[in-house]
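A.B. asks: Structure incoming, see below.
Nothing in this text is a laboratory measurement; each read-out follows from the coordinates by a stated rule. All values derive from a computational prediction rather than experimental measurement. Glycine also receives a Cβ, built like all others from the backbone with ideal geometry; neighbour counts cover every protein chain displayed.
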Amino acid sequence: MAGVNSARGYDASGRRDAARERRRGIVLAATDLFERKGFHVTVAEIAGAAGVSPETVYKSFDGKAGLIKIAFDHALAGDDQEIAVADRPESRAVDAEPDPRRKIEKYVTSAAPRMQRAGRLMIAIRDGARTDATLHALWMQVTAQHLAGMEKLAHHLEDTGSLRAEVPVDHARDTLWTLTSPEIYELLVLNRGWSIDRYRDWIIRAIIAELSP
């Protein structure tokens, strides 16, 4: 009987692994299509690119809006692990950095690759939100989370003496929110063809010039 139970356990584990790989494949296919075609891409196109049925996409992700949310979360984090960005080593390194300017450099150096991975998806969500009510709610959530993150960073800069004394926290928050927005990435990288390194360095200089002591 022990052998039977072991075989069943192995089969169940294999099925879970296969389901995880299938889910990952759908997310990767959807990410590529959302980035190239926007939210108007069809579930049938995504399913075809992933090699699954449209029904599988609907059942696995609660439709197209659910799928783009998962794709965005994975792109932002850089993987599908359930670890918040704030709890990752690069974020903790920003918190621990004592030098105000180095703190900004470390933050933007970690944030720029996140925008490179997730920026096109943010734009697809933003543009799709104009005509899709579900996506509008998602876009409001994404922008609210971004603003909250920048408010937390602004307070951190103030609390650690990394914010110029005459700069109010709400001004710092709004400056950070603007400079790290998908619109700035869209203008400079996607429209003007800046490299990600040039974009990163410009953001660093702009934040330091505006906020640092």
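A.B. asks: Neighbour counts of other C-beta atoms within 10 Å: give me T131, T31, T175 arranged from fewest to most.
C.D. replies: Ordered from fewest to most neighbouring Cβ atoms within 10 Å, T131, T31, T175 come out as T131, T175, T31.
A.B. asks: A further question on this structure: Between D197 and H171, what is the spin-label point distance in nm, taking each point 7 Å from the Cα along the Cα→C-beta axis?
C.D. replies: Label at D197, label at H171, 3.4 nm between them.
A.B. asks: Using only alpha carbon positions, build the gyration tensor of segment 15-82, then give the equivalent ellipsoid semi-axes as the square roots of 5 times its eigenvalues, largest first, whole angstrom.
C.D. replies: Output for segment 15-82: semi-axes of 16, 15, 10 Å.
A.B. asks: Determine the relative contact order of segment 15-82: mean sequence separation of Cα pairs under 8 Å and six or more apart, normalised by residue count, in whole percent.
C.D. replies: Working: 46 pairs, mean separation 20.5, N = 68.
Value for segment 15-82: 30 percent.
A.B. asks: Moving on to the next point. Suppose a student asked you for the relative contact order of the chain, using Cα pairs under 8 Å spaced at least 6 residues apart; what percent would you report?
C.D. replies: 18 percent
A.B. asks: For segment 95-131 and segment 146-213, compute the distance between their C-alpha centroids and round to whole Å.
C.D. replies: Between the Cα centres of segment 95-131 and segment 146-213 lies a distance of 9 Å.
A.B. asks: I would also like to ask the following. Give me the one-decimal nm value for the distance between modelled label points at D17 and R102, 7 Å along each residue's Cα-to-Cβ direction.
C.D. replies: 4.3 nm
A.B. asks: Which one, (1) 136; (2) 148; (3) 123, gives volume of the Cα convex hull per residue in Å³ as derived from the coordinates shown?
C.D. replies: Correct label, based on the coordinates given: (2).
A.B. asks: Ok, one more. Over the chain, with a Gaussian network built from C-alpha contacts below 10 Å, which listed residue (D87, D132, D170) shows the highest mean-square fluctuation?
C.D. replies: In the Gaussian network model the winner is D87.
A.B. asks: Right, something else. In nanometres, what is the gap between the two model label sites at D127 and R164, each 7 Å from Cα along Cα-to-Cβ?
C.D. replies: Placing both labels 7 Å along Cα→Cβ, they lie 3.6 nm apart.
A.B. asks: Here's another thing I want to ask about it. Estimate the FRET efficiency between A206 and A49 by the formula 1/(1 + (r/R0)^6), using the beta-carbon distance for r and 30 Å for R0, to the nearest 0.05.
C.D. replies: Approximately 0.20, to the nearest 0.05.
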